[in-house]
1. Applying the Karplus parametrisation 6.51 cos²θ - 1.76 cosθ + 1.60 with θ = phi - 60° to the phi angles of the stretch 100-113, what ³J(HN,Hα) value in whole Hz is obtained for each residue in order, glycine and proline being reported as x?
2. Antiparallel DSSP bridges in the chain: what percent, to the nearest 5?
3. With +1 on each Lys and Arg Cβ and -1 on each Asp and Glu Cβ, how big is the dipole of the chain about its Cα centre, in debye rounded to the nearest 20?
4. Just want to confirm a number: the relative contact order over the chain, from Cα pairs under 8 angstrom separated by 6+ residues, in percent.
5. In degrees from 0 to 90, rounded to the nearest 10, what is the angle of the helix 72-94 Cα long axis to the longest principal axis of the chain?
6. For a quick check of your reading of the filter: which trypsin sites (Lys or Arg not before Pro) in the stretch 26-88 sit in a DSSP loop and have no more than 14 other Cβ atoms within 10 Å?
7. Quick one: what are the phi-derived ³J(HN,Hα) couplings along the stretch 147-155, Karplus 6.51/-1.76/1.60 with θ = phi - 60°, whole Hz, x for glycine and proline?
8. As a quick test, which of the pairs Lys190/Lys222; Lys48/Lys98; Lys67/Lys104; Lys183/Lys224 have an alpha carbon distance above 22 angstrom in this structure?
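The values are calculated or read from the model by the stated rules, or taken from the named source; none is laboratory data. Keep in mind that this is a model prediction, so the values were computed, not measured. Reconstructed Cβ throughout: ideal geometry from the backbone, glycine too, with neighbour counts over all protein chains shown. Note: accessible area is taken over every heavy atom of the protein model, side chains too, but ligands, DNA and RNA are not part of it. Shrake-Rupley method; radii C 1.70, N 1.55, O 1.52, S 1.80 Å.
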Amino acid sequence: MKIKIIIFIITFGMSISAISQNIDHSDWTNFLKKHVSKEGAVNYISIKANDVELNNYLNQFIKISPKDSWSNNEILAYWINAYNAFTVKLIIDNYPLKSIKDIKNPWDQEFIPINGKYISLNYIEHEILRNMNEPRIHFAIVCASTSCPKLQNEAFVSEKLDQQLTATTKEFLNDASKNNIEKDKLELSKIFKWFSKDFKQNSSLIDFLNSYSEITIQSDAKTKYMDYSWELND
């Protein structure tokens, strides 16, 4: 017997009686397929011209927030997709621009309405996602810049999240424009420097890299970090 859940929303900030409802991430996938290439280039011009689909997806986050009954993967997918979708929203609200850094305090702006309050991108990344002990999130969330991991043109979903996170990590690590890897010499993205603690949770950075690299890296490999481009990912 199916039970229909009815959601009563009075105003933003008030409680919602949708305890078991989850986000429909298919809306995000449909949007991404239209506006993001397989290489991760985002067509901000087309989004700016018609942002209805984006806003419809974002409105789900106003109505629904993670519940204790959700699985870890459901919660991770929720916050990864929220981070990426609201980053796109931030860009188009300030478009045209050449870099996300052209926006004043882009990661600290509290413009994301979830669970009755406004939060920032930094809050999602540092207070929520990084505390979930999943270092692969750094290759799933996107900062709208060319040196960032690319924006995938499909949503992250709980039922295949592990495979998606593994695929994005391998893709980023083995992309020569992001990292140059040899068995005894590494030129790495600064992501590995900025968040080094996250990649050393269970072992060394080299051990983490070897789990996803196409080349087996020596434990004493020399490491330096590449310049980071904040040019817009369009």
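1. Per-residue couplings from phi come out as 4, 6, 6, 8, 5, 6, x, 8, 9, 5, 8, 10, 9, x Hz.
2. Working: 9 of 13 bridges.
The antiparallel fraction comes to roughly 70 percent.
3. Numbers: 27 positive and 29 negative charges, 38 e Å.
Charge dipole of the chain: 180 debye, to the nearest 20.
4. Values: 335 pairs, mean separation 50.7, N = 234.
Reported as a whole number, the value is 22 percent.
5. 90 degrees
6. Lys38, Lys67
7. Result, ordered by residue: 8, 6, x, 6, 6, 5, 9, 8, 6 Hz.
8. Details: Lys190/Lys222 15 Å; Lys48/Lys98 15 Å; Lys67/Lys104 33 Å; Lys183/Lys224 14 Å.
In this structure, Lys67/Lys104 exceed 22 Å between Cα atoms.
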